[in-house]
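In what follows, a structure is listed as structure tokens, so that the remarks can point back to it.
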Amino acid sequence: MIHPDTVPALVYCDESGNIRDFADLRMAGMSHGRYVQPRCEDLIELPEGSDFFSLPQRLPVGIDPGTGEPLLLAEDHFRPGRKIQAVAAFMAPAHTSTYTAAYQSQQGADLLPLFAYTAVGWHDGRFWVAGFRSDDDPRQDHSRFSQQAIDRRTAKQLHKHPANRLVQHLGICCLSYRCPAARNYFLGRWEAPLPTSPQCNARCLGCISLQPSGSCPSTQERLQFVPTVREILDIAVPHLNRAERPVVSFGQGCEGEPLLQGDLLEASVKAIRKQTGRGTINCNTNASLPGVVERLASAGLDSMRVSLNSARQAFYEAYYRPRNYCFADVRESILCMKKAGRFVSLNYFVLPGFTDSHQETAAFMDLIEQTEPNFIQLRNLNIDPEWYLASVDSPPDQPVHSVRQWLKMIKKAFPSLRFGYYNPCLNP
């Protein structure tokens, strides 16, 4: 992995939408509101397929190379008096942030949309970001997608299944939202999505398919119907039989909680396994219903990915805002899958300064020790960082390890635990 030979320069967005670098200040990162100068080993070249965001009503903060202190850049250095905005990178999949973008919000600043905002700088003719590659699997790499092939194969499948509402829904996900999982389904490879539930029993702050009026906008529309077993089989069975390293997954960003359709999932898993033993049947879930999880494990569900923002009940429930379940149910669901000999991943949302705090680290290690998951997925928390920390009432000035040090500690304490970003195929 390539790192810069010196800390890059601060970048900002000018009034015309251009990204400019300011060599008099080094780039800074942010960790729970604290401004930090990242080390060179914390930085990688901007991954192909990443995006840039300008951050409205937020001024960039850099580091004075002489004093090491953070400094606010209030106007355009090249055109004094002109307004500027902070800049963040939204890294391509399979990459995890070590610092969020450094900025100072102006009074009354609007909420940021539901993306992750990684610190970015400029050096030696290229952009560098505070993060690392967390999974070598290329299944969602930008270079692996040909839009021409996607358009052609999607049109073919939509024409082949005009009455299958689930195929038609995934066509929208693929062509309108460019969902990587939907695109891979139509390309006939790796992991295919199986959304099933319009309803949810949580009201997550960062839900990407449903947000209340006046909040940040959702990034995609939610599924509006419950598919039939036949509609699910039309997707799952051919994909499992033909795809390379095949996975099919209930529980997607375009739906609510799949366990609320427990009867449908149980019938579908049994029906799939009557037709093929190939590949992995997975469920991405909040793990709120242990009884349903137990039934699915018995039916043949191979793996379960449990999403968590925190291993501490108060912060978990402040983010998920659960209806008729609690954090103890999540723990019990994990234990149900493990008791059945099934594979469990924890989809752990990483936010620098919160995830790597001393207290959160201790709680997370306790959860791992008590439930013995097989795999940790290092996903960035897609949310306005300041809004999240205020909403869950996370106290400032907590001691932190740094994300890279946190990961080293977890790996040392649990040497058999695997880490990555995607749901693995268990029987390729």
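Count of the stretch 254-284 residues, restricted to those that are free of Cβ contacts under 8 Å to residues at least 40 places away in the same chain and outside any helix (DSSP H, G or I), is 3.
Select the strands (runs of 3 or more DSSP E) contained entirely in the stretch 85-186, then report the ones holding at least 3 residues which are within 24 Å of Leu25 (Cα to Cα).
Values: elements: 85-90, 95-97, 103-105, 120-123, 126-133.
So the answer is 85-90, 103-105, 120-123, 126-133.
Within the stretch 145-183, the set of residues being within 21 Å of Gln224 (Cα to Cα), at pLDDT 95 or above, charged (D, E, K, R) and exposed (fewer than 14 other Cβ atoms within 10 Å of the Cβ) is empty. What about Glu332, is it under 23 Å from Met304 (Cβ atoms) and touching a Pro at 6+ places or on another chain (Cβ under 9 Å)? When the stated conditions are applied, Glu332 passes them. Considering every residue within the stretch 286-306, establish whether at least one is of a type outside the set (Ser, Thr, Tyr), within 21 Å of Leu166 (Cβ to Cβ), in the same structural domain as Ala181 (by TED's automatic domain parsing) and touching a Pro at 6+ places or on another chain (Cβ under 7 Å). No, that holds for no residue. The condition of being touching a helix residue (DSSP H, G or I) at 6+ places or on another chain (Cβ under 6 Å) and modelled with pLDDT under 95 holds for Cys204. Checking each residue in the stretch 43-60 for being under 20 Å from the mean Cα position of the chain (by Cα) and in a loop (DSSP other than H, G, I, E, B) picks out Leu46, Pro47, Glu48, Gly49, Ser50. Sort out which residues of the stretch 379-393 are buried (at least 21 other Cβ atoms within 10 Å of the Cβ) and polar (S, T, N, Q), and write them in order of number. The one that is buried (at least 21 other Cβ atoms within 10 Å of the Cβ) and polar (S, T, N, Q): Asn380.
For the stretch 36-93, what are the residues that are of a type in the set (D, E, K, R) and in contact with an Asp or Glu (Cβ under 8 Å, 6 or more places away or on another chain)? Of everything in the stretch 36-93, those that are of a type in the set (D, E, K, R) and in contact with an Asp or Glu (Cβ under 8 Å, 6 or more places away or on another chain) turn out to be Glu48, Asp76, Arg79, Arg82, Lys83.
Checked against the criteria, Gln224 does not count as surrounded by 16 or more Cβ atoms within 10 Å (Cβ to Cβ) and either at pLDDT below 95 or out of contact with any strand residue (DSSP E or B) (no Cβ under 8 Å at 6 or more places or on another chain) (or both).
Within the stretch 289-348, restricting attention to residues that are over 26 Å from Lys270 (Cβ atoms) and of a type in the set (Ser, Thr, Tyr), the residue that is surrounded by the fewest Cβ atoms within 10 Å (Cβ to Cβ) is Tyr316.
Among the criteria (1) closer than 30 Å to Asp21 by Cα; (2) more than 23 Å from the chain's Cα centre (by Cα), the one His159 does not fulfil is (1). Where residues in the stretch 71-95 are in contact with a Ser or Thr (Cβ under 9 Å, 6 or more places away or on another chain) and among the small types (Gly, Ala, Ser), which of them is surrounded by the most Cβ atoms within 10 Å (Cβ to Cβ)? Ranking the qualifying residues of the stretch 71-95, first place goes to Ala88. Within the stretch 4-18, the residues that satisfy the criterion of being in contact with a strand residue (DSSP E or B) (Cβ under 9 Å, 6 or more places away or on another chain) and either without any contact (Cβ under 8 Å) to a residue 24 or more places away in the chain or under 15 Å from Phe52 (Cα atoms) (or both) are Leu10, Val11, Tyr12, Cys13, Asp14, Gly17.
One residue alone among Gln313, Gln275 is of a type in the set (S, T, N, Q), in the same structural domain as Tyr388 (by TED's automatic domain parsing) and over 27 Å from Leu166 (Cα atoms), and that residue is Gln313.
The values are calculated or read from the model by the stated rules, or taken from the named source; none is laboratory data. As the structure is a prediction and not an experimental result, all values here were calculated from the model. Virtual Cβ from ideal backbone geometry, glycine too; neighbours counted across all protein chains shown.
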